[in-house]
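J.: Here's a structure for you.
The values are calculated or read from the model by the stated rules, or taken from the named source; none is laboratory data. A quick note: this is a predicted structure, and the numbers were derived from the prediction, not measured. Because the Cβ atoms are built from the backbone with ideal geometry, glycine has one as well, and the counts that use them run over all protein chains shown. Areas reflect the complete protein model, heavy atoms only, side chains present, ligands, DNA and RNA absent. Shrake-Rupley method; radii C 1.70, N 1.55, O 1.52, S 1.80 Å.
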Amino acid sequence: MFGFEKKKNNEDTPNAPVVAQLSWGERLKKSLAKTRGQLGGLFHRAKIDEELLEDLESTLLMADCGIEATQWLLEELKSRVKKDRLETPTQLRSALIDLLQALLAPLERPLNIASHTPFIIMIAGVNGGGKTTSIGKLAKHFQKQGKKVLLAAGDTFRAAAREQLMVWGERNDVSVIAQESGDPAAVVFDAISAANARGIDVVLADTAGRLPTQLHLMEEIAKIKRVIQKAEPTGPHEVLLVLDANIGQNAVQQVKAFDKAVGVTGLIITKLDGTAKGGVLAAIARQCPKPVRYIGVGEGIDDLQAFRASEFVAALFEAHDTP
Amino acid sequence: MLDNLTQRLSRVVKNLRGQARLSEENITEMLREVRMALLEADVALPVVKDFIAKVKEKAVGQEVIGSLTPGQALIGVVHRELTELMGGQASGLNLATQPPAVILMSGLQGAGKTTTTAKLGKWLKERQKKKVLTVSCDVYRPAAIEQLKTVSAQAGIDFFPSSADQKPLDIAAAALDYAKRHYYDVLFVDTAGRLAIDAAMMAEIKALHAQFQPIESLFVVDAMLGQDAVNTAKAFNDALPLTGIVLTKLDGDARGGAALSVRQVTGKPLKFAGVGEKLNGLEEFHPERMASRILGMGDILGLVEEAQRGVDQDKAQAFAQKMKAGKGFDLNDYKEQIGQMRQMGGLSSMLEKLPAQFAQAAQQAGGAAGEKTIARIEGIINSMTPMERAKPELIKASRKRRIATGAGVQVQEVNRMLTQFEQMQKMMKQFSKGGMQKLMRGMKGMMPGMMR
């Protein structure tokens, strides 16, 4: 089940405080520890009663599930309690696990980058969501698969965003296409031309962070997409929206707004390693389902991995299971 | 769009009309709606619970005055309570110390610390004529130092160079020394983003704080933050003696419940709010507006301010002059006005700022369609020559064909646009003659798509 316990050190971020090297599964579990702790405590009670359900509601709300998803989960659970004559909290627990599995499973659709060369990935998101950092991790991820990667520094707005990507590219031996200033669409166009010329497998196009309320910026990103289509009629092959797991219910709004502007085809959920989180996935599954391509639980380069619903739910519920 | 609290409550209280007092019984259900509204706005659950208890205490026994419904009366209590909770202590920065006054910035990754540092620096420099120095102790994220350098230059404040192979403590020590020797009033210490659960990083910022004893220690927090805001704020508050909170990204469409969570958990004042990426996008925190926003009651004051920001005063003046001078309203002016509307975030964002009932009415009138029509009109005007824009009467059949091709629309659409414009021109003429009433009558047809 946990297919990738590779040991890697954080060679790429030399200054990052060294964390004990754990397997991915364990790191994921550690990240979701708080939510799990709250969930676990609930089911040690003697019987299923109103109080238990109420506390479950609170727990789900506090994990950022949002009102809609929380109420849906509770209604479903209640109807199962009736239908399947569930009596013990343990049964309720497995019903909840099933329910979450079923809810999240449709989101598990790993990214296949073999469908086209070069495979053009456009990255979008709000300010400070972790776009540029995620691009670094993705580039490394594809590189390990033996792919040739090219980065396009499409964030021409934020101070030093270009430098951030270039520093990163230098350290990891990945070429970065950047311009002194100017139009992000032009940078991306250049990058695609370069990718065609150099026989690149994957192009990762960074864009500046923007809030969905800034309409002119949303128009700008739509333009970047159109320009990509001009350079490569089949592209972009993937439009990834980077979501910060710390964000509350606005995450749903963000998915909707970016989807409207550029047609989001996949999500990256970053910063899941805070304390009490993960519920936002349920909210997204209910209100605006999009494939979750990757989730990130830390600063290390390997802390970004493909999303697996079963693994995620297991991490929410099981404290010690052996891989 | 989420329902506005007023509407939700009005549904609940339909059967309560005519009751003169808020009582334990009649507010239970209403309070549940308030709870939902707060949760939807991302106020953390423990904070919501406390708050509801407090409101209940205050509300029970309150008389329902005059024409108010019990729902309105309760909203009054909720709103007042929210405002009070988030406001209180005086804001502004405390710089009353022997200079340089050190200001330490902390927060999660991507909260907006560096941008806020530059905004605050600019604010202090321009409003209080302070000599400001910034320094970055973020040796972790690539190009973080470079970013502060760039934004400092944009803000017109000085930057103390550091490099990624130095230790944060050494950097800050050198910067402080430099600031003292060059008589700076204020030194901003920008730090790396860190998670509250990262013990090593929290120890680092604690050490920074211990060494410099900053007079202000500001916690920068993203207004979009979810339930976890309480845990994060608590951890930072426990680790550092924070003196204030800066809320960022308030120009997004999040309801910003995190503001209340953080305020409640830390007990520290909300000092500033960051809006937009431009370095003048910093406001003093307005608790009553934030309360309206959390409750989904619209941010009319914000809309007014945005309008003032968006509209170029000089241009508006010039336009008024032109009208007075009796010169006609031409297509250039029309285009200008469309552009200004866009700068304010376009129709739909303006609609969103309105209280829900107005916004819905406007939506029904075709708000979204209006946006598209406006974009097309702009396209058509863009396809005209300057001459044609100044003298629309020149536009005859062959010009129309050319314009239509240029804008990628049918000739009919160009015709329609010109007719609309003519109506508008007529109206403007009436306006310059001083007939406000006539103007109102002529209003129909002014907003394409809106009145159809």
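J.: I need the calculated FRET efficiency for the pair residue B:94 and residue B:288, taking r as the beta carbon distance and R₀ as 30 Å, to the nearest 0.05.
T.: Once the sixth-power term is evaluated, E becomes 0.80.
J.: Next up: Can you give the mean number of other chain Cβ atoms that lie within 10 Å of the Cβ atoms in peptide B:106-113?
T.: Mean partner shielding for this stretch: 5.
J.: I'd like the Karplus ³J(HN,Hα) series for region B:97-103: coefficients 6.51, -1.76, 1.60, θ = phi - 60°, whole numbers in Hz, and an x wherever there's a Gly or Pro.
T.: Once θ is set to phi - 60°, the couplings for region B:97-103 become 8, 5, x, x, 7, 8, 10 Hz.
J.: Could I ask something else about it? Take every residue in peptide A:188-199, count the Cβ atoms of other chains within 10 Å of its Cβ, and give the average of those counts. The partial results should precede the final answer.
T.: Numbers: counts 0, 0, 0, 0, 0, 0, 0, 0, 0, 0, 0, 0.
Per residue, the number of nearby Cβ atoms from other chains is 0 on average.
J.: So what are the ³J(HN,Hα) numbers for region B:35-50, from phi and the Karplus equation (6.51, -1.76, 1.60; θ = phi - 60°), rounded to whole Hz, Gly and Pro as x?
T.: 4, 4, 4, 5, 5, 4, 7, 6, 6, 5, 4, x, 5, 4, 4, 4
J.: Which residue, chosen from A:212, A:177, A:151, occupies the Cα position most advanced towards the positive end of the dipole of region A:108-317, where the dipole is computed from +1 (Lys, Arg) and -1 (Asp, Glu) charges on Cβ about the Cα centre?
T.: A:212
J.: Okay, next question. What size of dipole, in debye to the nearest 20, comes out for region A:108-317 about its Cα centre when the only charges are +1 on Lys and Arg C-beta atoms and -1 on Asp and Glu C-beta atoms?
T.: For region A:108-317, the charge dipole is close to 480 debye.
J.: Ranked highest first by average number of other Cβ atoms within 10 Å, how do B:262-269, A:247-254 line up?
T.: Averaged packing, sorted descending, gives the order A:247-254, B:262-269.
J.: In addition: Using modelled amide H (1.01 Å from N, peptide plane; none on Pro or chain starts), what sits under 5 Å from the amide H of residue A:120, excluding residues fewer than 5 places away?
T.: Amide H neighbours of residue A:120, under 5 Å, 5+ apart: A:203, A:237, A:238.
J.: Provide the per-residue ³J(HN,Hα) series for region A:289-298, in order, calculated from phi with Karplus coefficients 6.51, -1.76, 1.60 and θ = phi - 60°, each as a whole number of Hz, with x at glycine and proline positions.
T.: x, 9, x, 8, 7, 9, 10, x, 10, x
J.: Among B:102-112, B:193-203, A:196-206, A:145-155, how do they line up by average Cβ neighbours within 10 Å per residue, starting with the highest?
T.: On the way: B:102-112: 25.1, B:193-203: 17.5, A:196-206: 20.2, A:145-155: 22.0.
The densest-packed peptide leads the list: B:102-112, A:145-155, A:196-206, B:193-203.
J.: To the nearest 10 square angstrom, how much accessible area does residue A:83 have with a 1.4 angstrom probe?
T.: Per-residue accessible area (residue A:83): approximately 150 Å².
J.: Chains A and B: how much accessible area gets covered up at their contact, both sides added, probe 1.4 Å, in Å² to the nearest hundred?
T.: 3800
J.: So if R0 is 56 Å, what FRET efficiency would residue B:54 and residue B:415 give, r being the distance between their Cβ atoms, rounded to the nearest 0.05?
T.: 0.35
J.: Next up: If R₀ is 56 angstrom, what is the calculated FRET efficiency for the pair residue B:169 and residue A:260, using the beta carbon separation as r and rounding to 0.05?
T.: About 0.75, to the nearest 0.05.
J.: Here are some pairs, B:113/B:268; A:223/B:335; A:223/B:113; B:278/B:372; B:125/B:180; which of them have Cα atoms lying more than 24 Å apart in this structure?
T.: Correct reply: A:223/B:113; B:278/B:372.
J.: How much mean residue ellipticity at 222 nm does chain A get from its helices, if each DSSP H run of length 4 or more adds -39500 (n - 2.57) and you divide by all residues, to the nearest 500 deg cm²/dmol?
T.: Taking each H run of at least 4 residues, the total per residue is -15000 deg cm²/dmol.
J.: With label points built 7 Å along Cα→Cβ from the Cα atoms of residue B:318 and residue A:222, find their separation and express it in nm.
T.: Distance between the two pseudo-spin positions: 2.8 nm.
J.: For residue B:217, enumerate residues with amide H under 5 Å from its amide H, sequence gap 5+ or separate chain, H modeled in the peptide plane.
T.: The list, which skips near neighbours in sequence, is B:104, B:243, B:244.
J.: Now, a different point. Other chains' Cβ within 10 Å of B:244-254 residues: what's the mean?
T.: If you average over the peptide's residues, the count of other-chain Cβ atoms is 4.
J.: Suppose each label sits 7 Å from its Cα in the direction of the beta carbon; what would the residue A:47-residue A:229 distance come out to in nanometres?
T.: 6.1
J.: Quick check: residue separation of residue A:179 and residue A:102 times 0.36 nm, minus the Cα distance between them. What number comes out in nm?
T.: 23.1 nm
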